[in-house]
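In what follows, a structure is listed as structure tokens, so that the remarks can point back to it.
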Amino acid sequence: MKSIDALACLNALAQEHRLNLYRLLVQAGDEGMAVGELADATGLPGATLTNHLHILRRAGMVSDERQGRVIQCRANYEQMNALLGFLTENCCAGTSAAVACAPVSACVSPRRKSRKAPSP
């Protein structure tokens with residue numbers, strides 16, 4: 001990732017509502033969330049939500065797909081991992097402190113948790 005791309009990603013995430021939206025989409029996994037679900041979860045008005053999603057989309061952090069009348073949004077895990085790699089590249093200049101900043105495990109796209117109620 002180039003510095004200019006990292007700055008675009010960080011700028012997009014440097015706002016409370018956009019960071020919250022992105023975290024919701026990361027937690028949703030590969031399935032993502034419909035725009036209506038995001039509106040319900042955040043309480044943001046439609047125009048505001050659309051604006052925030054456009055900024056995340058321009059930075060490459062989010063993608064969307066129309067499915068009939070529904071727009072399904074998804075976190076771009078490849079871009080997220082590229083940003084994390086950029087931020088941790090050459091971490092601690094290869095000193096022994098580098099172990100402390102190494103990720104515990106590789107980031108992967110999580111599976112969405114089932115919304116079904118447990119069986120009695």
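Below are the figures for this structure:
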item	result
In the range 1-58, the residues that are surrounded by fewer than 17 Cβ atoms within 10 Å (Cβ to Cβ), of a type in the set (D, E, K, R) and closer than 25 Å to Thr88 by Cα	Lys2, Asp5, Glu16, Arg23, Asp30, Arg57, Arg58
Where Asp64 falls short, out of the listed (1) farther than 17 Å from Arg23 by Cα; (2) in contact with a Leu (Cβ under 8 Å, 6 or more places away or on another chain); (3) not hydrophobic (A, V, I, L, M, F, W, C)	(1)
Selected residue [without any contact (Cβ under 8 Å) to a residue 12 or more places away in the chain and not in a helix (DSSP H, G or I)] from Arg57, Arg66	Arg66
Residue among Ala28, Ala6, Ala47 that alone is among the aliphatic types (A, V, I, L, M), in a helix (DSSP H, G or I) and in contact with a helix residue (DSSP H, G or I) (Cβ under 7 Å, 6 or more places away or on another chain)	Ala6
Some residue of the range 91-99 being in contact with a Phe, Trp or Tyr (Cβ under 9 Å, 6 or more places away or on another chain) and either modelled with pLDDT of 85 or more or in a helix (DSSP H, G or I) (or both)	no
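The values are calculated or read from the model by the stated rules, or taken from the named source; none is laboratory data. Since the structure is predicted, the reported quantities are computational estimates derived from the model, not experimental observations. A quick note on method: Cβ atoms are made from the backbone with ideal geometry, for glycine too, and the neighbour counts reach across all protein chains shown.
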